[in-house]
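Step one of this worksheet: look at the structure below.
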Amino acid sequence: MKNEELIREAIEARHASYAPYSGFKVGAALLNKDGRVIRGCNVENASYGLSNCAERTAVFKAVSEGLRDFVAIAIVGGREEGDQTSEYAYPCGACRQVLREFTIPEAFRVIIARSVTDYEEYTLEELLPHSFGPKNL
Ligand code: THU
């Protein structure tokens, strides 16, 4: 799947974001090795600390559906309405660690986009170097 297509999925996912407290709406699209795409959005709560990020929503949805072979994720986040944002929404540390559990950090691609055509791409290894993972146990 092309990066642009995965970003489009993340933009669509962002439309479902529930972020009445922060106003910061995030969408994520997780690509599985078999070509399936699992969407996630952030889901906030009146008890603020219970809020869940878009990336972890996508991972937990996927794993609970039996998918664990992730190859890439696209992330789009910001305060703006519509399909463009003014900033790159880098994944938080908790989400990087959760992604690390089910990926090969050197191969897994993290695409952080402001629009379908404006994006940065990193490996998870670049965003979470020297990480602790399942093979350490
Ligand atoms: N958020 C995400 O969904 N992903 C991230 O990686 C960073 C933060 C959400 C959580 C919260 O709903 C809002 O953005 C502001 O922190």
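The values are calculated or read from the model by the stated rules, or taken from the named source; none is laboratory data. Since the structure is predicted, the reported quantities are computational estimates derived from the model, not experimental observations. For neighbour counting, all protein chains shown are included, and Cβ atoms are generated from backbone atoms with ideal geometry for every residue, glycine included. SASA here: full protein model, heavy atoms, side chains in, ligands and nucleic acids out. Shrake-Rupley method; radii C 1.70, N 1.55, O 1.52, S 1.80 Å.
So what is the diffusion coefficient of the stretch 45-101 in µm² per second by Stokes-Einstein at 4 °C and 1.567 mPa s, using a Kirkwood Rh over Cα pairs? List each step's numbers first, then the result.
Working: Rh = 13.0 Å.
In µm²/s, the coefficient rounds to 100.
Starting from the amide H of T123, placed 1.01 Å from N in the peptide plane, find each other amide H under 5 Å away whose residue is 5 or more places distant or on another chain.
Close amide H contacts, sequence-distant or interchain: V110.
May I ask you to give the percent of accessible area on the chain that is carbon plus sulfur, with a probe radius of 1.4 Å?
About 51 percent, which is the carbon plus sulfur part of the accessible surface.
On full extension of the chain, what length is gained from L137 through S86, given 0.36 nm per residue of separation minus the C-alpha to C-alpha distance? Present the calculation step by step, with values, prior to reporting the outcome.
Details: separation 51, 0.36 × 51 = 18.36 nm, distance 4.04 nm.
Once the chain is fully extended between L137 and S86, it gains 14.3 nm.
Given R₀ = 25 Å, what would the calculated FRET efficiency be for Y122 paired with Y21, taking r from the Cβ atoms and rounding to 0.05?
Efficiency at R0 = 25 Å is approximately 0.30.
For A72, which sequence-distant residues (separation of 5 or more, or a different chain) have an amide H within less than 5 Å of its own amide H, given hydrogens modelled in the peptide plane?
L31, R109
Can you give the charge dipole size of the stretch 1-63 about its Cα centre, rounded to the nearest 20 debye, using +1 on the beta carbon of Lys and Arg and -1 on the beta carbon of Asp and Glu? Kindly include the intermediate steps, with their values, before the conclusion.
Working: 9 positive and 7 negative charges, 16 e Å.
About 80 debye.
Per residue, how large is the accessible surface of the chain? Use a 1.4 angstrom probe and give square angstrom.
Each residue of the chain exposes 52 Å² on average to a 1.4 Å probe.
Per residue of the stretch 117-125, what does 6.51 cos²θ - 1.76 cosθ + 1.60 with θ = phi - 60° give for ³J(HN,Hα)? Whole Hz please, x for Gly and Pro, Karplus curve as stated.
Result, ordered by residue: 9, 10, 8, 10, 9, 9, 8, 5, 4 Hz.
According to a simple spin-label model (label point 7 Å from Cα along Cα-to-Cβ), what is the distance in nm between Q97 and Y48?
A separation of 2.1 nm, rounded to one decimal place.
Which longest run of the chain has no exposed loop site in it, a site being trypsin sites (Lys or Arg not before Pro) in a DSSP loop with at most 14 other beta carbons within 10 Å, and the site itself not part of the run?
Of all site-free stretches, the longest is 80-137.
Along the stretch 37-47, what does the Karplus equation 6.51 cos²θ - 1.76 cosθ + 1.60 (θ = phi - 60°) give for ³J(HN,Hα), rounded to whole Hz, x for Gly and Pro?
Along the stretch 37-47, the couplings run 10, 10, 8, x, 9, 6, 10, 8, 9, 4, 8 Hz.
Using only the Cα atoms, what convex hull volume per residue in Å³ does the chain have?
Enclosed volume per residue, from the Cα hull, is 105 Å³.
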